[in-house]
Amino acid sequence: MKTSDFDFELPAERIAQRPAEPRDSARLLDLRDGISDRIVRELPDLLNPESLLIVNDTRVIPAQLEGCRGEGRMSVTLHKRLTDTEWLAFARPAKRLRPGDRIDFAEGFSAEVIARGEGGEAHLRFDMAADAFRDALMRYGRTPLPPYIKRGDGPDGQDAHDYQTMFAAREGAVAAPTAGLHFTPELMAGLTAADMEIATVTLHVGAGTFLPVTVEDVQDHKMHAEYGEVDAATAARINAARAAGRPVVSIGTTALRVLESAVDAEGHVAAFRGDTRLFCVPGYEFRAVDQLFTNFHLPRSTLFMLVCAFAGTDHMRTAYAHAITEQYRFFSYGDATLLKRA
């Protein structure tokens, strides 16, 4: 299977630079039975009554830092927590970065390079107590917007609000679970009135989620590890819903990936806590959920491969072509799709 099989041309003007206002006014392409143009706020009417919706409660931290290594400037994006004060990060420029180097971000806020990895990755240790590190990160860090959202002077105060879902509770993500960005209190009230339930899981989304696949053969791609949790209560609710024939709907690919990391071959979901490197490509057999609500994804990305695996490659290619023609908005701040498991 070739990475080029998942490529498509997207006009630059189709990449959303700000979210819809209000958030649930974004467009929704319903792909469960054919192709139907909808609006996100119609979800209570589109989903089956008594559906169980699974949302990701991770909270984005200000993981983008600017610092100095000697006389040279460094840009650092934290992407995976190792301990309270140690992180894996993408550093630029990383060519001359060596173990033992120090990167200074502000007075009293610095990190030592413990090791270097591939693709500009570095293992950093911050020389401070955990509480002091968190305080410094909140003070000096910036919202880690993906590179396709263009800001001349970097992320602004509006992004700090916009790039966070209403479910955000547990700090640790360095990228938003973007399907959740569409939800509002008004939409939630409509879902509740339609007898739908909400359950939460956690997947601390890493920056590697949005990286394009650069290898020719898809199977050669190495996924970055992301930490996730499914608690016993949520697992029990999912199993009960499946047993009763109630649809389980994943709000986003991040929730789907942690659920698929917690499910067994018979479709039984168990409590889960740990890292996942799950990579879903066509041929993967999904067991945990019935439907998927998700944004439009990048060409050649692991997320576009995932939705092709979930709903069918030909169907997704046709749907994306329709979305481009009909001027849907793409990526993190863009519009949404609703899929059923093929």
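Tally time: how many residues in the stretch 70-87 are without any contact (Cβ under 8 Å) to a residue 60 or more places away in the chain, open to solvent by less than 80 Å² (accessible area, probe 1.4 Å) and not small (Gly, Ala, Ser)? Quick ask: steps written out before the conclusion?
Filtering the stretch 70-87 for residues without any contact (Cβ under 8 Å) to a residue 60 or more places away in the chain gives 70-76, 82-87.
Within this subset, residues satisfying the condition of being open to solvent by less than 80 Å² (accessible area, probe 1.4 Å) are 70, 72, 74-76, 82-83, 85-87.
Cutting the leftovers down to not small (Gly, Ala, Ser) gives us 74, 76, 82-83, 85-87.
Summing the residues that are without any contact (Cβ under 8 Å) to a residue 60 or more places away in the chain, open to solvent by less than 80 Å² (accessible area, probe 1.4 Å) and not small (Gly, Ala, Ser) in the stretch 70-87 gives 7.
For the stretch 145-159, the set of residues classified as of a type outside the set (A, V, I, L, M) and either open to solvent by less than 50 Å² (accessible area, probe 1.4 Å) or outside any helix (DSSP H, G or I) (or both) consists of PRO146, PRO147, TYR148, LYS150, ARG151, GLY152, ASP153, GLY154, PRO155, ASP156, ASP159, listed by residue number. Once the stretch 315-342 is narrowed to residues that are touching an Asp or Glu at 6+ places or on another chain (Cβ under 9 Å) and polar (S, T, N, Q), the residue that is most open to solvent (accessible area, probe 1.4 Å) is GLN327. Of everything listed in (1) under 30 Å from ALA240 (Cα atoms); (2) open to solvent by 10 Å² or more (accessible area, probe 1.4 Å); (3) not charged (D, E, K, R), the single unmet condition for PHE293 is (2).
From the list ARG287, ARG277, the lone residue that is under 16 Å from MET223 (Cβ atoms) and among the basic types (Lys, Arg) is ARG277. Residue under question is ARG300, and the condition is that it be under 19 Å from the mean Cα position of the chain (by Cα), within 24 Å of LEU181 (Cα to Cα) and either of a type in the set (Lys, Arg) or surrounded by fewer than 17 Cβ atoms within 10 Å (Cβ to Cβ) (or both); does it hold? So ARG300 fits the description; yes.
Residues considered: PHE133, PHE167, PHE109. Of these, the only one that is more than 30 Å from ALA16 (Cβ to Cβ), touching a strand residue (DSSP E or B) at 6+ places or on another chain (Cβ under 7 Å) and of a type in the set (Phe, Trp, Tyr) is PHE133. For the stretch 274-293, indicate whether the set of residues that are closer than 18 Å to THR337 by Cα and of a type in the set (D, E, K, R) is non-empty. Taking every residue of the stretch 274-293 in turn, at least one turns out to be closer than 18 Å to THR337 by Cα and of a type in the set (D, E, K, R). Scanning the stretch 265-281 for residues that are open to solvent by 40 Å² or more (accessible area, probe 1.4 Å), farther than 20 Å from GLU226 by Cβ and of a type outside the set (A, V, I, L, M, F, W, C) gives GLU266, HIS268. Could you tell me whether the stretch 4-20 includes any residue that is open to solvent by 60 Å² or more (accessible area, probe 1.4 Å), part of a strand (DSSP E or B), over 28 Å from ALA342 (Cβ atoms) and touching a residue at least 12 places away in the same chain (Cβ under 8 Å)? No, the stretch 4-20 has no match at all.
The values are calculated or read from the model by the stated rules, or taken from the named source; none is laboratory data. Everything numeric in this text was worked out from a predicted model, so none of it was measured. Note: ideal-geometry Cβ built from the backbone for every residue, glycine included; neighbour counts use all protein chains shown. The area values use the complete protein model at the heavy-atom level, side chains included, leaving out ligands, DNA and RNA. Shrake-Rupley method; radii C 1.70, N 1.55, O 1.52, S 1.80 Å.
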